[in-house]
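S.K.: I'd like to ask some things about the structure below.
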C-alpha cells in the first residue's frame, strides 16, 4: 500500500512539472545592430527600443569576445561559444581559410549554430537570416536557413519588410529570425564612434525597429514574440578591435513571454549566452561544445 502511495505521488509530481513547464517559444526575432557602443546607446534617442526595454531585461555591461571585431562576435552570439571553440578568429573566416579547427563540426564542416540546433530539435521550425555585410553568413551552414537575404551598400529597410512578411507567412509555426544591419558600424568607421552621424545611424535603425513592432502588434504577433537587441562590439575613435571597455562592452536586451520586465541588470553577462537563451525558450538541449549559459536574471521563474 505504501509503495502504491509513493508511486501515485511521483506520478502527480511528474504531471505537475509537465503542466507548469514553459511551452516552446512561438518565435524569436534577433535585431542585430553592428558596432553599438554603450555610450552610443545611451546618447542616442531610441523610443522604439525603449518600448522593448520596458517589457524586458537590459544589460549595458555585456562583454564581447576577443578580438572585438565583427565576425568572431556574431559567431559567438549565434553559436553559444567563443572563438577558441568555434574557430572563427577573424573577419576573413571561410571553410577554405580555417586557422583553428572548430571543437565540433557537422558533416559539412560547420560548428553547430542555434539554427542547427533548432532544425534538429524543433519540428517544423522556420529560420531566416537577413544581412548587409557579405561575409557575415560564412560561418553558418546555410542548409539550416529557410530564407536569407543580402542587401548591398548599407541598405537594410527592405530586409525589415522581408522579415515581417516571413514572420506573418509562418505565424503558426515556430520561427527564428536574425535581422542584421552593419550601417551603424560603417558610420562609426567613417565618422567616429562619438560623432553626430553615428548617433543618427542608431536613431535611424530605431525607426525601422518601430515599424516592425507596430506591424507585429497590428497582426497580433507581438505579445508572443521574444525580441533580442544585440551588438557585437563598441568602438573607439574610428575603429575597434582593442580591449578598452568602449570596445568590449555592448547593450544586450531581451523581452518576451516569461521574461522579467523593466529590469536593468548589472550582473556579468557575455554574448556567448545569447544562443543558450534562445535554445531555452525553444526547449532545446545544448551541444557539449557550447560554453554559453542561461543567466539567472532573465526569466520570471
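The values are calculated or read from the model by the stated rules, or taken from the named source; none is laboratory data. If you're wondering where the values come from, they're calculated on a predicted model, not measured in any experiment. Positions of Cβ are backbone-derived with ideal geometry, glycine not excepted, and every protein chain shown enters the neighbour counts.
S.K.: Output yes when any residue across the range 219-230 is farther than 18 Å from residue 48 by Cβ, in contact with a strand residue (DSSP E or B) (Cβ under 6 Å, 6 or more places away or on another chain) and surrounded by fewer than 18 Cβ atoms within 10 Å (Cβ to Cβ), and no when none is. Explain how you work it out, then say what you get.
M.R.: Step one: filter the range 219-230 for residues farther than 18 Å from residue 48 by Cβ, giving 220, 224.
Right, trim to in contact with a strand residue (DSSP E or B) (Cβ under 6 Å, 6 or more places away or on another chain) and you get none.
No, every residue in the range 219-230 fails to be farther than 18 Å from residue 48 by Cβ, in contact with a strand residue (DSSP E or B) (Cβ under 6 Å, 6 or more places away or on another chain) and surrounded by fewer than 18 Cβ atoms within 10 Å (Cβ to Cβ).
S.K.: Considering only residues that are surrounded by fewer than 16 Cβ atoms within 10 Å (Cβ to Cβ) and more than 23 Å from residue 102 (Cβ to Cβ), which ones fall in the range 278-301? I'd like the intermediate steps shown before the answer.
M.R.: Restricting attention to the range 278-301, the residues satisfying the condition of being surrounded by fewer than 16 Cβ atoms within 10 Å (Cβ to Cβ) are 283, 285, 288, 293-294, 296-297, 300-301.
The answer is 283, 296, 297, 300, 301.
S.K.: Further question on the same structure: Checking the structure you have, find out if any residue of the range 264-274 is touching a helix residue (DSSP H, G or I) at 6+ places or on another chain (Cβ under 7 Å), in a loop (DSSP other than H, G, I, E, B) and within 21 Å of residue 74 (Cα to Cα). So that I can check it myself, show each step before the final result.
M.R.: Residues of the range 264-274 touching a helix residue (DSSP H, G or I) at 6+ places or on another chain (Cβ under 7 Å): 271-272, 274.
Okay, now just the ones that are also in a loop (DSSP other than H, G, I, E, B), so 271-272.
With within 21 Å of residue 74 (Cα to Cα) added as a condition, the list becomes 271-272.
Yes; the residues of the range 264-274 include at least one that is touching a helix residue (DSSP H, G or I) at 6+ places or on another chain (Cβ under 7 Å), in a loop (DSSP other than H, G, I, E, B) and within 21 Å of residue 74 (Cα to Cα).
S.K.: Kindly indicate whether residue 22 is outside any helix (DSSP H, G or I), in contact with a helix residue (DSSP H, G or I) (Cβ under 8 Å, 6 or more places away or on another chain), modelled with pLDDT under 85 and surrounded by 11 or more Cβ atoms within 10 Å (Cβ to Cβ). Before the answer, list the steps.
M.R.: Working: outside any helix (DSSP H, G or I): yes; in contact with a helix residue (DSSP H, G or I) (Cβ under 8 Å, 6 or more places away or on another chain): yes; modelled with pLDDT under 85: yes; surrounded by 11 or more Cβ atoms within 10 Å (Cβ to Cβ): yes.
Against the criterion (outside any helix (DSSP H, G or I), in contact with a helix residue (DSSP H, G or I) (Cβ under 8 Å, 6 or more places away or on another chain), modelled with pLDDT under 85 and surrounded by 11 or more Cβ atoms within 10 Å (Cβ to Cβ)), residue 22 qualifies.
S.K.: Touching a strand residue (DSSP E or B) at 6+ places or on another chain (Cβ under 6 Å), farther than 30 Å from residue 103 by Cα and buried (at least 18 other Cβ atoms within 10 Å of the Cβ), is that true of residue 166? Please lay out each step first, then the result.
M.R.: Details: touching a strand residue (DSSP E or B) at 6+ places or on another chain (Cβ under 6 Å): yes; farther than 30 Å from residue 103 by Cα: yes; buried (at least 18 other Cβ atoms within 10 Å of the Cβ): yes.
Taking the combined requirement at face value, the residue satisfies it.
S.K.: Going by what's in this entry, would residue 177 be described as closer than 26 Å to residue 60 by Cβ, in contact with a strand residue (DSSP E or B) (Cβ under 9 Å, 6 or more places away or on another chain) and either outside any loop (DSSP other than H, G, I, E, B) or in contact (Cβ under 8 Å) with a residue 24 or more places away in the chain (or both)? I'd like the intermediate steps shown before the answer.
M.R.: Details: closer than 26 Å to residue 60 by Cβ: yes; in contact with a strand residue (DSSP E or B) (Cβ under 9 Å, 6 or more places away or on another chain): yes; either outside any loop (DSSP other than H, G, I, E, B) or in contact (Cβ under 8 Å) with a residue 24 or more places away in the chain (or both): yes.
Answer is yes for this residue.
Table: residues versus (1) crowded, with 22+ Cβ neighbours inside 10 Å; (2) in contact (Cβ under 8 Å) with a residue 60 or more places away in the chain.
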{"site": "55", "(1), (2)": "no, yes"}
{"site": "58", "(1), (2)": "no, yes"}
{"site": "64", "(1), (2)": "yes, yes"}
{"site": "92", "(1), (2)": "no, no"}
{"site": "97", "(1), (2)": "no, no"}
{"site": "106", "(1), (2)": "no, no"}
{"site": "109", "(1), (2)": "no, no"}
{"site": "130", "(1), (2)": "yes, no"}
{"site": "139", "(1), (2)": "yes, yes"}
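S.K.: Restricting to the range 249-263, name every residue that is within 24 Å of residue 213 (Cα to Cα) and not in a loop (DSSP other than H, G, I, E, B).
M.R.: 250, 251, 252, 253, 254, 255, 259, 263
S.K.: List, please: which pairs have Cβ atoms under 8 Å, are six or more places apart or on different chains, and start with a residue in the range 249-273 that is in contact (Cβ under 8 Å) with a residue 40 or more places away in the chain and on the phi > 0 side of the Ramachandran plot and end with one that is surrounded by 22 or more Cβ atoms within 10 Å (Cβ to Cβ) and in a loop (DSSP other than H, G, I, E, B)?
M.R.: What qualifies is 256/25.
S.K.: Could you tell me whether residue 188 is surrounded by 20 or more Cβ atoms within 10 Å (Cβ to Cβ), touching a residue at least 40 places away in the same chain (Cβ under 8 Å) and part of a helix (DSSP H, G or I)? Outline the logic, then answer.
M.R.: On the way: surrounded by 20 or more Cβ atoms within 10 Å (Cβ to Cβ): yes; touching a residue at least 40 places away in the same chain (Cβ under 8 Å): yes; part of a helix (DSSP H, G or I): yes.
So residue 188 passes the test.
S.K.: Checking residue 246 against (1) under 17 Å from the mean Cα position of the chain (by Cα); (2) part of a helix (DSSP H, G or I); (3) over 17 Å from residue 79 (Cβ atoms), only one condition comes out false. Which one?
M.R.: Single failed check for residue 246: (1).
S.K.: What are the residues in the range 111-128 that are part of a loop (DSSP other than H, G, I, E, B), under 19 Å from the mean Cα position of the chain (by Cα) and surrounded by fewer than 22 Cβ atoms within 10 Å (Cβ to Cβ), if any?
M.R.: Here is the first cut: in the range 111-128, the residues part of a loop (DSSP other than H, G, I, E, B) are 111-113, 122-125.
Going one step further and asking which of them are under 19 Å from the mean Cα position of the chain (by Cα), we end up with 111-113, 122, 125.
Passing the criteria: only 122.
S.K.: Okay, moving on. Kindly establish whether residue 151 is more than 18 Å from the chain's Cα centre (by Cα) and over 17 Å from residue 33 (Cβ atoms).
M.R.: Values: more than 18 Å from the chain's Cα centre (by Cα): yes; over 17 Å from residue 33 (Cβ atoms): no.
Criteria not met by residue 151.
S.K.: Further question on the same structure: Tell me which residues, restricted to the range 75-93, are over 29 Å from residue 205 (Cα atoms) and either part of a loop (DSSP other than H, G, I, E, B) or at pLDDT below 95 (or both).
M.R.: As a first pass, look at the range 75-93 and keep what is over 29 Å from residue 205 (Cα atoms): 84-87.
Result: 87, single match.
S.K.: Check off (1) under 17 Å from the mean Cα position of the chain (by Cα); (2) part of a loop (DSSP other than H, G, I, E, B) for residue 241 and give me the number that stays unchecked.
M.R.: (1)
S.K.: While we're on this one: Tally the residues that are buried (at least 16 other Cβ atoms within 10 Å of the Cβ) and on the phi > 0 side of the Ramachandran plot, restricting the search to the range 142-163.
M.R.: Residues flagged as buried (at least 16 other Cβ atoms within 10 Å of the Cβ) and on the phi > 0 side of the Ramachandran plot within the range 142-163 amount to 0.
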